[in-house]
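Below you'll find the structure, written out as structure tokens, and then a few comments.
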Amino acid sequence: MTTLRANRHYWLPVPNEGTSAGTRHAFRGPRWEGQRQERAVCGKEVGMAQPSEMDWILFPTCADCFGVLKGEG
């Protein structure tokens, strides 16, 4: 396995529990494969679901996930 492949990640909008807001978190791996729950790069354990197009547009990027990935780059 190449280093590039080992460091793959994907982003997924995740709704905040009990609200209509959410955050785009990063996750390790090549893509979301329907898991109901996963640990984000920032360390948060979050529930996952199929996002809508509006989720991608409205939910901000998790600054902690971004910071971790930027530090690995």
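All of the numbers you see were taken from the coordinates with simple rules; none came from a lab. What you are looking at is a predicted structure, and each value in this text was computed from that prediction instead of being measured. For neighbour counting, all protein chains shown are included, and Cβ atoms are generated from backbone atoms with ideal geometry for every residue, glycine included.
Quick one: which residues, 5 or more positions from G22 or on another chain, have an amide H under 5 Å from its amide H? H modelled 1.01 Å from N in the peptide plane, none for Pro or chain starts.
Distant-sequence amide H within range of G22: N16.
Spelling out what I want: for every residue of segment 34-40, take phi, set θ = phi - 60°, compute 6.51 cos²θ - 1.76 cosθ + 1.60 (Karplus), and round to whole Hz; glycine and proline get x.
x, 4, 7, 8, 7, 8, 6
Could you go through segment 16-29 in sequence order and give the Karplus-derived ³J(HN,Hα) for each residue, using 6.51 cos²θ - 1.76 cosθ + 1.60 with θ = phi - 60°, rounded to whole Hz, and x for Gly and Pro?
6, 4, x, 9, 9, 8, x, 9, 7, 9, 9, 9, 6, x
Looking only at G18, G43, G34, which one moves most when the chain is put into a Gaussian network model with springs between Cα atoms under 10 Å?
Of G18, G43, G34, the most mobile in the Gaussian network model is G18.
For V41, what residues show an amide H to amide H distance below 5 Å, using hydrogens built from the backbone and excluding near sequence neighbours?
A26, F27, R28
Nothing charged except the Cβ atoms of Lys and Arg (+1) and of Asp and Glu (-1): what's the magnitude of the dipole of segment 32-72 about its Cα centre? Round to the nearest 20 debye.
Roughly 120 debye, rounded to the nearest 20.
Can you tell me the dipole magnitude for the chain around its Cα centre, using point charges on the Cβ only (Lys, Arg +1; Asp, Glu -1), in Debye to the nearest 20?
280 debye
Among H25, I57, L69, which residue has its Cα positioned farthest towards the positive end of the charge dipole of the chain, with +1 placed on the Cβ of Lys and Arg, -1 on the Cβ of Asp and Glu, and the dipole taken about the Cα centre?
In the chain, that residue is L69.
Using Cα atoms only, what is the angle between the long axis of helix 63-72 and the major principal axis of the chain, expressed in degrees (0 to 90) to the nearest 10?
Here the helix axis deviates by roughly 10 degrees.
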